[in-house]
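Encoded as structure tokens, the structure appears first; notes follow it.
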Amino acid sequence: MARPTVKKPVETLALEEAFELLEGLPVPVFFKSRDGRYLGVNKAWEEMFGLARAAFVGKQVRDLYPQNPEIAELHALKDRELWQRPGSQSYETPIVTPDGRRRDTIYYKATFPGGLVGVIVDVTARTRAQAALRESEERFRSVVDSANEGMLVYDRNLTVIAGNRAAERIIGLPLAALIGRPGFTSQLPCIREDGQPLTPADRPTRITLRTSRPQSGVRIGILRKEGGASGAVQWLSVNTAFLRRLDETEHYGLVSTITDVTAQRDAEERLRESEARFRRTFELAGSGMAHIGLDRRFIRVNRRLCEILGYPEDELLRLTGRQISHPDDLDVINDQRPALYAGKIDAVRLEKRYLRKDRSTVWVKFTMTVERDAAGAPLYEIAVYDDITAQLDAQQRLRESEARFRQTFELAASGICHVVDGRFVKVNKALCEILGYSEEQLLGKTVKEVSHPEDRDVTDAGRMRIRKGELDSARFEKRYIRADGAVVWADLAIALVRDPAGAPLYEVAIFDDITERKQQEAALRAAHEELKRSNAELEQFAYVASHDLQEPLRMVASYTQLLGRRYEEKFDKDAREFMSYIVDGASRMKQLIEDLLAYSRVGTKGHDFQPVAAEGALRRGLFNLRAAIEEAGAAVTFDSLPTVHADEAQLAQLFQNLVGNALKFRSASVPRIHVQASEREHEWQFEVRDNGIGIEPQYFERIFMVFQRLHNKGEYPGTGIGLAICKKVVERHGGRIWVESRPAQVPNQGSSFYFTLPRHKGGEGANG
Ligand code: ADP
């Protein structure tokens, strides 16, 4: 160390000693005289400024900063201040050393008699560190604030002490509401990932403390009630970390970062759903489905495809489609693959056969597309298989049944046609024959065109009802005009064919030529009419004749009587005998004529039918027979009898004739006559039973004919008209009459006369 060049009083000596001491200090030290000249500097000073002590002693501060006079000026100013108030001073100032280095320094100066001492503390490193820290803190703050992630800082007691803007935004609460509180989950309704309410123990911060482990990706849902609708959940993902000082092992707080993962979660949910949907669709599809690798192997097959191809899934996954193809259809897909891969066709669509594991053949409708990556390179193939075996079988059967039907249609003896909009659209040979047209002529014609003008509309109402669904089919008889102009009668059955939805497709009509039958019917009707007319004429004639014959007969009888009275004594025995023959003949003729008149009256003079108590009619008949019944000592009995619809006088006559005959044709035993009626399905059946002489079966028919009798009048009186009248009465009422008797087998059993009367209003009609 250089010795100051000043004199050496005590102070100077002390200074020298001080110099000795300061030489070894690592801090730059300098001495200056009162007039600002450097008296001495230490080694550290020399190093700092890069100047040799010997060269600088005696120089002033402006010599130290030739480049930076403002620094020199500052120090000079400070020196002046110090000298104005001697003592000590300190100030902080950046300086630039002669070699251009910038240093942050603190100057400590103190005066002593004759000069001042200065110590320079280089704080460059410290201020730089402080600036860097400040900068880093600011950077950090802005990063934290601009982060998308919410952040909350907690103290050791888990009270929020800081947070960022993202936290405010995500949580939806201002920081002011969060700071000083135990986090947001205490302030909002929160749920765990499993949907259960979040308890304080579930909070990520608590878990972190409890387990001493930072948490990551803890999902928390906030129940949001927007517009009153509940159920909207905002999902957050929360991470936590301990806050520790560098040199400490104990934490002083926690930080949690929060991300809103609602959209992500929704997207995940949708993806999961869509995947599940796809999987379900794939599995449950009614069609067989497969993903096929570029090596042609099945990558993935659904249940239906296993069913269609008849292989279990694990076996199918080891096969290629070609290996199970029908030998005749081996390359039908391969033929189209190049076009599909080149994008010339969007899909391969074809029908082909596969051989199932059990070697049976299955027909498949096959559709295949290719799935590509973003660059368009094929990834795998998607194929859909539909089993159309049954469909093809059904088509085959349909074709066969159609052929069968066509044959039937053509060969049918009946005419058959299909009609649309009243027009023939299909006709068979038989119909052409019936109508006398060729098929070409008939097709396109309307049915009405070939109908008889008078019968054109007879089917309209019936067909309308079929169309409305009220009838399945309807039958008609109508006339058509043949091509040659002849009238043809057809028995016609019409039905309507509908599609599966019930919409009308066409009418089917079946024609049978009934012209001949119709002609026979017409002839029969004409004959019947003729018969009725001639019958009526005959009846009229019988009536008129018998009526008119009575008069001359009466004359014969009365003049014969007169002749007898006046000339009896003049007649000899022969003449008297002849007379008696004339009288007898005349009276018999009178009886015959009266009977004939009565018979013809049944048809011409009957009364209207009315409800009649049969018992009343019977009693009337018995009343007329009372003398004969008494005379014969007969027992006449009857059961209760129904009320019938009849001409009462004729019904009484009927009973009278039958009971009368029973009395007349009695046997040796006392006559027992019984009348009864029994109910049949459509009619009442009456029986008049006697114990008389009975009738041999060969006469059963004859006895009902006019003037037919089995005995001569000597044995039993009568003209043989009684049963003919009975028959006529019964028939006029629409009934039948017959007799049962077996005198040969069962003697003394007599006869049973039966007749029926319809139970409904029936018979000949109101006028008889
Ligand atoms: P008539 O009584 O005038 O002979 P009918 O026409 O009443 O005529 O009867 C025809 C014939 O039928 C009778 O002559 C008789 O031979 C036979 N006949 C009718 N009723 C009976 C009866 N109840 N028993 C036996 N014979 C009968």
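Among all positions in region 669-677, there is no residue which is without any contact (Cβ under 8 Å) to a residue 40 or more places away in the chain, surrounded by fewer than 16 Cβ atoms within 10 Å (Cβ to Cβ), near the ligand (Cβ under 9 Å from one of its atoms) and of a type in the set (S, T, N, Q). For region 457-485, the set of residues classified as over 21 Å from Ile416 (Cβ atoms) and either over 40 Å from the mean Cα position of the chain (by Cα) or assigned to a strand (DSSP E or B) (or both) consists of Asp457, Asp484, Gly485, listed by residue number.
For region 264-295, which positions are surrounded by 10 or more Cβ atoms within 10 Å (Cβ to Cβ) and small (Gly, Ala, Ser)?
Across region 264-295, the qualifying residues are Ala267, Ser274, Ala276, Ala285, Ser287, Gly288, Ala290, Gly293.
Being surrounded by 15 or more Cβ atoms within 10 Å (Cβ to Cβ), of a type outside the set (S, T, N, Q) and under 28 Å from Lys728 (Cα atoms) is a description that applies to Glu539. Determine, yes or no, whether Thr446 is among the hydroxyl-bearing types (Ser, Thr, Tyr) and within 30 Å of Arg479 (Cβ to Cβ). Yes.
Looking across region 348-365 at every residue that is of a type outside the set (D, E, K, R) and more than 10 Å from Ile388 (Cβ to Cβ), the one that is surrounded by the most Cβ atoms within 10 Å (Cβ to Cβ) is identified as Tyr354. Against the conditions (1) within 16 Å of the ligand (Cβ to nearest atom); (2) touching a residue at least 60 places away in the same chain (Cβ under 8 Å); (3) aliphatic (A, V, I, L, M), Ala628 satisfies every one except (2). Of the residues making up region 689-704, those that are within 15 Å of Trp738 (Cα to Cα) and either among the charged types (D, E, K, R) or near the ligand (Cβ under 8 Å from one of its atoms) (or both) number 10. Scanning region 170-221 for residues that are within 22 Å of Asp145 (Cα to Cα) and loosely packed, with under 12 Cβ neighbours inside 10 Å yields a count of 4. Scanning region 735-744 for residues that are within 19 Å of Ala668 (Cβ to Cβ) and part of a loop (DSSP other than H, G, I, E, B) yields Arg742, Pro743, Ala744.
In region 405-423, the residues that are at negative phi form Cβ pairs under 6 Å with partners that are of a type in the set (D, E, K, R), at six or more places apart or across chains, as follows: Glu410/Lys429; Ser414/Asp512; His418/Lys426; Val419/Glu507.
In region 405-444, which residues are charged (D, E, K, R) and closer than 20 Å to Arg463 by Cα?
Asp421, Arg423, Lys426
A quick yes/no check of all residues on (1) touching a helix residue (DSSP H, G or I) at 6+ places or on another chain (Cβ under 7 Å); (2) within 23 Å of Leu284 (Cα to Cα); (3) of a type in the set (Asp, Glu):
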| residue | (1), (2), (3) |
| --- | --- |
| Tyr311 | no, yes, no |
| Leu319 | no, yes, no |
| Arg322 | no, no, no |
| Asp328 | no, no, yes |
| Pro338 | no, no, no |
| Asp346 | no, no, yes |
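When the residues of region 727-748 are narrowed to those that are within 15 Å of Arg689 (Cβ to Cβ) and within 11 Å of the ligand (Cβ to nearest atom), which ends up modelled with the lowest pLDDT? Looking at the filtered set, the residue picked out is Pro743. For region 99-114, a residue qualifies if it is modelled with pLDDT of 90 or more, within 19 Å of Arg37 (Cβ to Cβ) and not β-branched (Val, Ile, Thr), and the qualifying residues are Tyr107, Lys109, Ala110.
Residues in region 695-733 that are farther than 17 Å from Ala598 by Cα, small (Gly, Ala, Ser) and crowded, with 19+ Cβ neighbours inside 10 Å: 0 in all.
The values are calculated or read from the model by the stated rules, or taken from the named source; none is laboratory data. It should be emphasised that the depicted structure is a prediction, and the values quoted were computed from it without experimental measurement. Ideal geometry is used to build each Cβ from the backbone, glycine not excepted, and the neighbour counts take in all protein chains shown.
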